[in-house]
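This report concerns only the one structure given below.
The values are calculated or read from the model by the stated rules, or taken from the named source; none is laboratory data. Keep in mind it's a predicted model, so treat the numbers as computed, not measured. We place every Cβ from the backbone using ideal geometry, glycine too, and count neighbours over all the protein chains shown. Heavy atoms of the whole protein, side chains included, go into the accessibility calculation; ligands, DNA and RNA do not. Shrake-Rupley method; radii C 1.70, N 1.55, O 1.52, S 1.80 Å.
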Amino acid sequence: MDLYQQLKLDLQQGLIAPGTPLKQAEIAARYGVSRIPVRDVLARLRAEGWLCDHGKRGVAVPKLDPQEAEDLYLMRMHLEPLLLARAAANLNGELLGRARDILDTMDREPALDAAMLGQRNWQFHTTLYRAAARPALFHTVEQLQRQCERYIGYQNRNLDYQAVSQQEHHRLLDLLYQGDTAAACKLLERHITTAGRILVDHLSNRSG
């Protein structure tokens, strides 16, 4: 596992506390690497929303912000059902079967870490969404997903939400197999909204 993957995994798993400043020399010592690749990795993680500015030229682990979490789920609850609705007509047995295989793999491996759960979750959704053949819309949803990764990791780890999420994934796929696009899109909207509200309420109560 390279430095980027390891540091991102540690951030997802909460091993570096929100608000912690990250110094290049300390990161290099922590992971046993030279300082040369550290700057690029920190810049990449900052661009992806995993880190924020700190001081004049430094970076830190951002705190989990209930308002940001709410904004992200409000955007997702509108855009992802829109993308799914446009994908539905192109979802054949092969694509639905591939999506089912991803869910089955997740069911067989309940102890997956936060990074792998997030990766498999996005693999499931992207298998469905790419069928829309709407690259601009897909790219926007993909960017939102990347911004949500640290919140999704926190939610699965701290709120024990993975089991509920997985049940809803299976139900969504059942509706798509049945050809009930309208019900599938409503379920997807509810899936995103319910999880988002639970997370926002938890973060708000914690910060309060």
List the residue pairs whose Cβ atoms are under 9 Å apart, where the first residue sits in the stretch 121-134 and is within 21 Å of Gln155 (Cβ to Cβ), the second is among the charged types (D, E, K, R) and open to solvent by less than 20 Å² (accessible area, probe 1.4 Å), and the two are 6 or more positions apart or on different chains.
His125/Glu80; Tyr129/Glu80
Could you please let me know if Gly118 is under 11 Å from the mean Cα position of the chain (by Cα) and under 19 Å from Leu173 (Cα atoms)?
yes
Condition broken by Arg150, with the remaining ones in (1) of a type outside the set (Gly, Ala, Ser); (2) under 15 Å from Gly196 (Cα atoms); (3) buried (at least 18 other Cβ atoms within 10 Å of the Cβ); (4) touching an Asp or Glu at 6+ places or on another chain (Cβ under 9 Å) satisfied:
(4)
Return yes or no: is Cys185 hydrophobic (A, V, I, L, M, F, W, C), touching a residue at least 40 places away in the same chain (Cβ under 8 Å) and over 30 Å from Ala17 (Cα atoms)?
yes
Number of positions in the stretch 65-94 that are of a type outside the set (S, T, N, Q), surrounded by fewer than 20 Cβ atoms within 10 Å (Cβ to Cβ) and outside any helix (DSSP H, G or I):
1
In the stretch 25-43, is there at least one residue being under 22 Å from the mean Cα position of the chain (by Cα) and either in a strand (DSSP E or B) or surrounded by 13 or more Cβ atoms within 10 Å (Cβ to Cβ) (or both)?
yes
How many residues does the stretch 177-208 contain that are surrounded by 13 or more Cβ atoms within 10 Å (Cβ to Cβ), in a helix (DSSP H, G or I) and either more than 22 Å from the chain's Cα centre (by Cα) or among the aromatic types (Phe, Trp, Tyr) (or both)?
3
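Tell me, which residue of the stretch 44-58 that is of a type outside the set (D, E, K, R) and under 16 Å from the mean Cα position of the chain (by Cα) is surrounded by the fewest Cβ atoms within 10 Å (Cβ to Cβ)?
Of all residues in the stretch 44-58, those of a type outside the set (D, E, K, R) come to 45, 47, 49-52, 54-55, 58.
Next, only the ones that are under 16 Å from the mean Cα position of the chain (by Cα) stay: 45, 47, 49-51.
Values: Leu45: 18, Ala47: 10, Gly49: 17, Trp50: 20, Leu51: 23.
That would be Ala47.
For (1) in contact (Cβ under 8 Å) with a residue 40 or more places away in the chain; (2) farther than 30 Å from Ala25 by Cα; (3) within 15 Å of the chain's Cα centre (by Cα), each residue gets a yes or a no:
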position: Ala60; (1), (2), (3): yes, no, no
position: Lys63; (1), (2), (3): yes, no, no
position: Pro66; (1), (2), (3): yes, yes, no
position: Met77; (1), (2), (3): yes, yes, yes
position: Leu83; (1), (2), (3): yes, yes, no
position: Glu94; (1), (2), (3): no, yes, no
position: Arg100; (1), (2), (3): yes, yes, no
position: Thr105; (1), (2), (3): no, yes, no
position: Glu109; (1), (2), (3): no, yes, no
Does the stretch 100-119 hold any residues that are among the small types (Gly, Ala, Ser) and assigned to a helix (DSSP H, G or I), and which are they?
Ala114, Ala115, Gly118
For the stretch 161-176, pairs from a residue that is under 24 Å from Glu94 (Cβ atoms) to a residue that is of a type in the set (Phe, Trp, Tyr) and buried (at least 17 other Cβ atoms within 10 Å of the Cβ), with Cβ under 8 Å and 6 or more apart or across chains, are His169/Phe124
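Somewhere in the stretch 138-145, is a residue in a helix (DSSP H, G or I), over 18 Å from Leu72 (Cβ atoms) and open to solvent by 50 Å² or more (accessible area, probe 1.4 Å)? Reasoning before the result, please.
Quick first cut of the stretch 138-145, residues in a helix (DSSP H, G or I) only: 138-145.
Keeping just the survivors that are over 18 Å from Leu72 (Cβ atoms) gives none.
Looking for residues that are in a helix (DSSP H, G or I), over 18 Å from Leu72 (Cβ atoms) and open to solvent by 50 Å² or more (accessible area, probe 1.4 Å), one finds none in the stretch 138-145, hence no.
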One residue is enough: does the stretch 155-168 have a residue meeting the conditions modelled with pLDDT of 95 or more and open to solvent by less than 20 Å² (accessible area, probe 1.4 Å)?
no
